[in-house]
Amino acid sequence: MKSLFPRIFVSFWLAMTLIGGAFAVIYAMTYPAERAERRRNVMREAVLHAADEAREQTARGDDPGATLRRFQQRTELSVYVIEGDRVHGPDAPSDTVRARGARALREGPAVSAEEGGAPLRAVPRAHDTAAVARLRRSSMLARAVGADTLLWRLLVVFLVGGLVSFLLARYLTRPLSSLRRATQRVAEGDLSVRVTPELRRADAEIAALGRDFDRMAERVEELLAAQQRLLSDVSHELNSPLARLRVALELARQKAGSDAGPPLDRIEREAERLSALIGEILTLTRLEQGERPPLEPVDLGALAAEIARDADFEAQRVGRRVVLHGEPVVLPGDEELLRRAIENVVRNAVRFAPESTEVELRVSVEDDVVIRVRDRGPGVPEDALEDIFVPLYRVERDRDRKTGGAGLGLAIAQRAVALHGGSIEAENAEGGGLLVTMRLPRAA
Amino acid sequence: MPEGPTPILVVDDDVELCELLTEYLGAEGFSVESVHDGRVGLTRASSGAHALIVLDVMLPGQNGFELLRRLRESSQVPVVMLTARGQDVDRIVGLEMGADDYLAKPFNPRELVARIRAIQRRLEREVRAAREPREVLAVGDLELDVGSRTVLRGGEEVALTSAELTLLEVLLRAAGTVVTREDLSERVLERRFSPYDRSIDVHVSNLRKKLGPTPNGRERIKTVRGHGYLYAAPSR
């Protein structure tokens, strides 16, 4: 979510900071004078009162400390009475208190803001007695942070505003991120994605959007499934007349003279091509509709050996060879599908391999299990390297008709490999020919 | 000895296909009865009136596999299955259920005839063997009576299809040595081995399942990768 979240976040933050800041500034501007005046009055009265009481107590011989402490607790004012050397107070007086007291005796009453911004008032009561009053010290932390100033208050507004804006922006944009991710997955082909459970706690409008999205995904999924079924049914239907055609063809052969041999052969060849094509289409639709097949341990080394041997047998009849360089490996998979995939790629390679050359089938264990098939044929134009996996794609119409194949072998291989969570790609090998690489995960 | 056309039952709901097959197979020396429905099909197939059944997997109502399974409860008559293209699993399931062979529709009719004839030849050999002096192949706890086409494991009879029995016979005769898939294809299926044909593999798998391990818990039929199969000679 690159641009919506920051925009919402920043605008909320700015708004809160401005409003909060405005409040703080207005308040600071409205009240300072009054506040300072009131404080001075309060403190003067307190000092006088407390100092008098303390002196009465000392005159009686009591310790005024308790009184002064009670006073401090009730009013937040600390009053220290300095008589000559002795200082009575609610707690230990700081040096500043003593110093101010001494100065008051010499110079008269004074108010100063000392000690962490807490005002201090020193008043002489008699020729050797001074009373110093101080607003209770703010906590160390607040002092350290400069917690009494306008700047500090603005900072707090800024930070709290930031946190709240962040949470608010996240609340609003997270469901949208969710929705966007789901949309991307649909675009990549996964139609099973649904967002409603995730969006249940989102804003009502967004949740409604989520429900609409789900309905849409469901509809598209249904349409696609219906199309697959149609393709499958049509292919099945095509088989019946084709079966009858072939028997009728043999009947014709039985009744016809030897001249009719070649043309009937030709008809038979075309009928065989149709059969092969229909078979491949049916396999492909089955794979496209397919959910992940149950995965069992497959001895890929042995499977590759079987395929290589069979393919070599077949290839020798047309003057080519298939050679295996295999490593033993077992991986989770569906044996039939893997067999199909590898066979298709190998047979494809044999078809395009020039006479007297070899097709190499290599199985190796790297991060994944890697199966490489390489021929020394003409390769494929760079811009068509991905297209060859598209069903019925032809690189060059004429050549493919001569070399046979229905054009679905690689598409089937790709679907089969994908159902295993693997991948397949083609590249032109160094030294000529096509290299097809299949990668399969070693563990489920 | 020639006894007139061989009677064959075709069970397929495609009426026109059956008519064409009747004519075609008729000229090849078979007499065809065709049936278009599963229930009637089962009745006729169990009747014993036919030398071989051609059975379509995709029958409306009762499907072909069901029919085959029920037929096998009472009859070992050879069955060739017609399966759908692109449905590899059909072949394997069919063979596991006891079909002798299969062909994917749309099939090459000459291929159908070839397979029917192969099965016929095997049956003829069985008939001839039954007339020979009794020959029993005994290996470990198995006894295979070649003439009567029965197999005893530890004295108990094991029901095997014709193809499985022939396969076991070949392996037992060569017990302890490897028989290649090419050899097995020729001797059991009467056809040249073609690379992507897995019928032998499936028949071996069925045989393994039906026979189980030896009393010592060892595998009877070993796969020798790159060569073929062998029946393990008992270690004694």
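Distances between placed amide hydrogens fall under 5 Å for residue A:420 paired with no residue 5 or more residues away or on another chain.
First check a/c for the range B:1-64, with a ≥ b ≥ c the square roots of the eigenvalues of its C-alpha gyration tensor; if it is under 1.5, answer rounded, and if not, answer prolate when a/b is larger than b/c or oblate otherwise.
Verdict is oblate for the range B:1-64.
The calculated 222 nm mean residue ellipticity attributable to helices in the protein assembly as shown amounts to -17500 deg cm²/dmol, summing -39500 (n - 2.57) over DSSP H runs of n ≥ 4 and dividing by all residues.
The range A:257-306 and the range B:165-205 have Cα centres spaced 24 Å apart. With a 10 Å cut-off around each Cβ of B:18-30, the average count of Cβ atoms from other chains is 3.
Per the Kirkwood formula on distinct C-alpha pairs, the Rh of chain B is how many angstrom? Display every interim value, and only then the final one.
Numbers: mean 1/r = 0.0539 Å⁻¹.
Its Kirkwood hydrodynamic radius stands at 18.5 Å.
Could you tell me which of B:170, B:82, B:104 has its Cα farthest along the dipole of chain B towards the positive end, charges placed at Cβ (Lys, Arg +1; Asp, Glu -1), taken about the Cα centre? Of the candidates, B:170 comes out farthest on the positive side.
Can you compute the charge dipole magnitude of the protein assembly as shown about its Cα centre, using +1 on each Lys and Arg Cβ and -1 on each Asp and Glu Cβ, nothing else charged? Give it in debye, rounded to the nearest 20.
2940 debye
3J(HN,Hα) along the range B:130-146: 5, 7, 6, x, 4, 10, 10, 9, 10, 9, x, 9, 9, 10, 10, 8, 4 Hz, from the Karplus curve 6.51 cos²θ - 1.76 cosθ + 1.60 with θ = phi - 60°, whole Hz, x for Gly and Pro.
Using a simple spin-label model with pseudo-atoms 7 Å out from Cα toward Cβ, residue B:43 and residue A:240 lie 2.4 nm apart. Compute the distance from the alpha-carbon center of the range A:318-338 to that of the range B:1-57, in whole Å. Centre-to-centre distance over Cα atoms comes out at 41 Å.
Annotation for the range B:208-228 versus the range A:213-247: alpha-carbon center distance of 42 Å. Please label the shape of the range A:206-315 as rounded, prolate or oblate, based on the square roots a ≥ b ≥ c of the eigenvalues of the alpha-carbon gyration tensor (a/c under 1.5 means rounded; beyond that, a/b larger than b/c means prolate, else oblate). Oblate.
Using the beta-carbon distance between residue A:222 and residue A:336 and R0 = 45 Å, what value does 1/(1 + (r/R0)^6) give for FRET efficiency, to the nearest 0.05?
On the way: r = 28 Å, r/R0 = 0.63.
Efficiency, from the Cβ-Cβ distance: 0.95.
Could you work out how far helix B:199-211 tilts from the main Cα principal axis of chain B, as a 0 to 90 degree angle to the nearest 10? The two axes meet at around 60 degrees.
In the range A:145-293, Rg over Rh equals 1.48, where Rg is the alpha-carbon radius of gyration and Rh the Kirkwood radius from pairwise Cα distances. Taking every residue in B:102-108 and counting other chain Cβ atoms within 10 Å of its Cβ, the average works out to 6.
Taking every DSSP bridge with both residues inside the protein assembly as shown, close to 70 percent are antiparallel. Each residue, residue A:91 and residue A:265, gets one label point 7 Å from its Cα in the Cβ direction; the gap between the two is 11.4 nm. Averaging 1/r over each pair of different alpha-carbon atoms in the protein assembly as shown and inverting the result gives 33.8 Å, the Kirkwood hydrodynamic radius.
Based on the mean of other Cβ atoms within 10 Å per residue, sort peptides A:256-268, A:69-81 so the most packed one is first.
Details: A:256-268: 11.4, A:69-81: 18.9.
Ranking, from highest mean packing down: A:69-81, A:256-268.
Beta bridges from DSSP with both residues in the range A:272-387: antiparallel share about 65 percent, rounded to the nearest 5. Taking max minus min of the alpha-carbon positions on each principal axis, the range B:1-115 gives extents of 36, 30, 25 Å, largest first. Across peptide A:244-256, the mean count of Cβ atoms from other chains lying within 10 Å of each residue's own Cβ comes to 6.
What do you get for trypsin sites (Lys or Arg not before Pro) in the range B:134-173 restricted to DSSP loop and a cutoff of at most 15 other Cβ within 10 Å of the site's Cβ?
Those satisfying the criteria are B:134.
Size of the range A:338-381: Rg and Dmax of its alpha carbons, in Å, are 11.4, 35.
Which value, to two decimals, describes the C-alpha radius of gyration of the range B:150-202 once divided by 2.2 N^0.38 Å? Numbers along the way, then the final one.
On the way: Rg = 12.1 Å, N = 53, 2.2 N^0.38 = 9.9 Å.
Its radius of gyration relative to the 2.2 N^0.38 Å reference: 1.22.
For Cα pairs less than 8 Å apart in space and 6+ apart in sequence, what is the mean separation divided by the residue count of the range B:90-236, i.e. the relative contact order in percent? So the answer I get is 22 percent.
We did not get these values from a lab; they are worked out from the coordinates using the rules stated. This one's a predicted model, so the numbers in the text were calculated from it and none came from an experiment. Heads up, the Cβs are rebuilt from the backbone with ideal geometry, glycines too, and the neighbour counts pull from every protein chain shown.
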